[in-house]
Amino acid sequence: MTTSQEELLPATRRALLHRIATAQAEGRSPSLVAAVVRGGETVWHGSRTSVDGHGPDENVQYRIGSITKTFTAVLVLRLRDEGLLDLGDPLEKHLPGTGAGEATIAELLAHTGGLAAESPAPWWERTPGSLRPELSDVLGEQPHRHPVGRRFHYSNPGYTLLGALVEELKGARWEDVLRSDVLEPLGLHRTSGHPQAPHAGGWAVHPWADVMLPEPIEDLGRMAPAGQLWSTSGDLARFAAFLAKGDDRVLSAESVLEMRTPAAPAEAEEVAAGAAYGLGMQIQHRGRRTFVGHGGSLPGFLAGLMISVEDDLAAVVLTNCTSGPLVSTVAADLVRIVAEAEPRIPEPWRPLPEVDRSVLELTGPWYWGTNAFALRLTADGGVSLGPLSGNGRRSRFRADGDGTWTGLDGYYAGELLTAVRRADGSVSHLDLGSFVFTRQPYEEEAPVPGGVDPEGWRGIR
């Protein structure tokens, strides 16, 4: 991924600079660095610092805290895609004896495994990982706080278990697997488990005075898969581009879409805030935009990575203070600034290179009862089905190669769509998960469940 600052208009660049300058000043952060990604490339980079002449660039490392969890989730999805596990497997199948093995791998990824939010005292983020050498030290005597699978409850120990799962199935250290399977293929050469110069120091800023205190930098040991990593705005910009579109060297577009899809039931306050959680990724609705990504914090550092897939934009914001700017909000604002000032230009419309006539004849209006739907061809060779007007159930379908289609999203995700033909080859109706769609409302010749009154349509007598 290359950097091309000239692609943004001067007014847009100034608005971005103003936003991060305001965040650094009002958040009282020793330094702040940010990047914006559009179309898979970094199109803007900016920084602010309290030390004149020492503004960090895109190669300066900051600690990224829980954005580490997204990296760990990528490793677990890779294991699934390699056939080494199923997300529905209980942890006990692959990592026995933890005392938390009832939870499935998917539940751990989505923070619905019922585990505690933190490890037993002392506070793991500010003490050496050597105090917790075993998984039992991370989980404690009572690892669960809720029944497995019943509710979303953010759990750092849950991601420790996922890191241990990676090590068990790959026979290597979590960080080594991460480097060989993710960091090197994506060119994230400045992302590491321990700081590598140049890197920022972590600071606590006094809440009532403009003075600072250095924060300790601890090796988190077993907790590393939950929050150990250091990275740069440049590397995280590349990672954001990957999370938006996938990379077959690491994970397919379909698998990263799965990560970005809500997988956990939200609490009432999260529903009100428009928040959800996928597989290692946070999902937030801000205004008319949906953002995916993750935030992170460790003593001395705050980090935010936000992606708007629809706008083809992402932003990264990193700071070196324990509390300060709301970095995920700042990142979302950077995306919004570019999206509103320089809206995405659509790709030119182009006709399909070829089309199957037996599929083409299925396009157009269909009726489920008296509800009108339209079936359309999609550019990827599949079809979509949705209401002709207003809200209603709509889904995209991929072709299965045998005359059927499987739902990809919405109400009909995973459901089978079949065009049922008569003996002469003509289309009788569509069958979608037992629903019958006909060319006319309650068509007499179609096998409408419950039958059709033989007197047909009529007015009041």
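Please treat every number below as a calculation from the coordinates, not as lab data. Computed from a predicted structure; not experimentally measured. For neighbour counting, all protein chains shown are included, and Cβ atoms are generated from backbone atoms with ideal geometry for every residue, glycine included.
Before moving on, here are some points about what is shown:
- Distance between the stretch 143-212 and the stretch 297-320 - C-alpha centres, whole angstrom: 15
- Listed candidates (1) 197; (2) 133; (3) 181 - label of the one calculated as volume of the Cα convex hull per residue in Å³: (1)
- For the pair the stretch 379-396 and the stretch 1-77, the centres of their Cα atoms are 38 angstrom apart.
- Helical segments meeting 20 Å axial Cα length and Kyte-Doolittle 0.5 threshold in the chain (DSSP H): 67-81, 327-341
- The chymotrypsin sites (Phe, Trp or Tyr not before Pro) of the stretch 349-434 that meet both conditions, a loop assignment by DSSP and at most 12 other Cβ atoms within 10 Å of the site Cβ, are Trp349.
- Cα-centre dipole for the chain with unit charges at Cβ (Lys and Arg positive, Asp and Glu negative), debye to 20: 940
- Within the stretch 266-409, the percentage of alpha carbon pairs spaced more than 24 angstrom apart rounds to 54%.
- With a Förster radius of 22 Å applied to the C-beta separation of Asp210 and Ala273, the computed FRET efficiency comes to 0.10.
- Cleavage-rule hits, trypsin sites (Lys or Arg not before Pro), the stretch 359-400, DSSP coil, Cβ neighbours within 10 Å at most 12: none
- Oblate is the label for the stretch 148-203, because the ratio a/c of its alpha-carbon gyration tensor axes (a ≥ b ≥ c) is 1.5 or higher and a/b is not greater than b/c.
- Over the chain: helical MRE at 222 nm, DSSP H runs n ≥ 4 each giving -39500 (n - 2.57), nearest 500: -7000 deg cm²/dmol
- Förster radius 56 Å - calculated FRET efficiency between Gln142 and Arg398 (Cβ-Cβ, nearest 0.05): 0.80
- Protection proxy ranking of 144-153, 448-457, 327-336 - average other beta-carbon atoms within 10 Å, highest first: 327-336, 144-153, 448-457
- Protection proxy ranking, highest mean first, for peptides 417-430, 173-186: 173-186, 417-430, where packing is the per-residue count of other beta-carbon atoms within 10 Å, averaged.
- Prolate/oblate/rounded label for the stretch 330-383 (Cα gyration tensor, a/c 1.5): oblate
- Rounded, prolate or oblate (a/c below 1.5 giving rounded, otherwise prolate when a/b exceeds b/c) for the stretch 237-326 by Cα gyration tensor: oblate
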